[in-house]
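J.: I have a structure I would like to understand better, so I am pasting it below and will then ask my questions one at a time.
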Amino acid sequence: MTDDNIIERLKRLDVCAVSDTLDSLGMKGVALGLRKGWPCGLIAGRTMTVKLVAVGHEAISKRHLCTGAIMDADPGDVIVVDNRGRIDAAGWGGILSLAAKQRGLAGVIVDGACRDIDEATELEFPVFAKEFIPLTARGRIVEQSYGELVEVCGVSVSQADYVIADGSGVAFIPADRAEEVVSKAEGIVAHEKAMAQAVRDGRPVSEVMGESYETLLQNAADR
């Protein structure tokens, strides 16, 4: 299965369906506490990871944070920034959003704070973060590495994993489980559409949710 095929299928899903699938498989992948910086739509793609550390940390990069990742990412990738949840130093900003947009990247996810969100909004570049602040990274944080294993809101994310993000949140999918997760999530979405149609057709919601929802979860676990 090609990467493009998985990504296109992910774009037809939603984070809730992926979350239910991860639950059914006993997998941890939902990153709690992240939100949209502006009303962008769903994004999905391969991850390009970046790890940030506090100034003074040993073995740090001398390049400006996230620039190497932007230049090495492929169009459609999503930059994923491990800023250890810090909300007192921005791990992403306006010039980075501009550069990422020009490179054709799908968006950025920051475990921590982002700044210049108005610029990202004008660019229509999707940003998901814990907080939006004016404080610069300068003198506070630097890049340690990119393209390596990171942790985002307690979830381990490897380079070239998959991510999906929408108004409900953010979920990561290990590359070696992507086909399994996407296939099960597609089944959940199909079942939920049938449930919604039953409600539109006049069936009592208590019936639909009482019978169909448990069937949906069981089917997800059995697939």
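J.: What's the number of the condition Ala185 fails, among (1) in the same structural domain as Leu65 (by TED's automatic domain parsing); (2) touching a residue at least 24 places away in the same chain (Cβ under 8 Å)?
T.: Result: Ala185 fails condition (1) only.
J.: Follow-up question, since we're still on this one. Looking at the structure I just gave you, is Ile87 surrounded by 15 or more Cβ atoms within 10 Å (Cβ to Cβ) and closer than 15 Å to Ile173 by Cα?
T.: In short, no.
J.: Has segment 24-35 got at least one residue that is touching a Cys at 6+ places or on another chain (Cβ under 7 Å), at positive phi and modelled with pLDDT of 95 or more?
T.: yes
J.: If a residue has to be in contact with a strand residue (DSSP E or B) (Cβ under 6 Å, 6 or more places away or on another chain), surrounded by 19 or more Cβ atoms within 10 Å (Cβ to Cβ) and not β-branched (Val, Ile, Thr) to count, how many in segment 20-33 make the cut?
T.: Here the count works out to 2.
J.: Among Ala90, Ala59, which is modelled with pLDDT of 95 or more and either farther than 12 Å from Leu34 by Cβ or in contact with a helix residue (DSSP H, G or I) (Cβ under 7 Å, 6 or more places away or on another chain) (or both)?
T.: Details: Ala59 fails: modelled with pLDDT of 95 or more.
Ala90 is the lone residue from the list that is modelled with pLDDT of 95 or more and either farther than 12 Å from Leu34 by Cβ or in contact with a helix residue (DSSP H, G or I) (Cβ under 7 Å, 6 or more places away or on another chain) (or both).
J.: While we're here: Restricting to segment 143-182, and then to whatever is in contact (Cβ under 8 Å) with a residue 12 or more places away in the chain and of a type in the set (D, E, K, R), can you tell me which residue is nearest to Leu13 (Cα to Cα)?
T.: Taking the candidates together, the pick is Asp166.
J.: Kindly state which helices (runs of 4 or more DSSP H) lie completely within segment 63-134 and contain at least 2 residues that are under 17 Å from the mean Cα position of the chain (by Cα), farther than 21 Å from Val155 by Cα and free of Cβ contacts under 8 Å to residues at least 60 places away in the same chain.
T.: Hits in segment 63-134: 94-102.
J.: Take the conditions modelled with pLDDT of 90 or more and crowded, with 23+ Cβ neighbours inside 10 Å and apply them to Ala160. Does it pass?
T.: The answer is no for Ala160.
J.: Restricting attention to segment 109-157, and to residues there that are more than 17 Å from Asp77 (Cβ to Cβ), in contact with an Asp or Glu (Cβ under 7 Å, 6 or more places away or on another chain) and of a type outside the set (D, E, K, R), which single residue is surrounded by the fewest Cβ atoms within 10 Å (Cβ to Cβ)?
T.: Taking the candidates together, the pick is Leu135.
The values are calculated or read from the model by the stated rules, or taken from the named source; none is laboratory data. Here the structure is a predicted model, which is why all the values come from computation and not from measurement. Cβ coordinates were reconstructed from backbone atoms using ideal geometry, including for glycine residues, and neighbour counts include every protein chain displayed.
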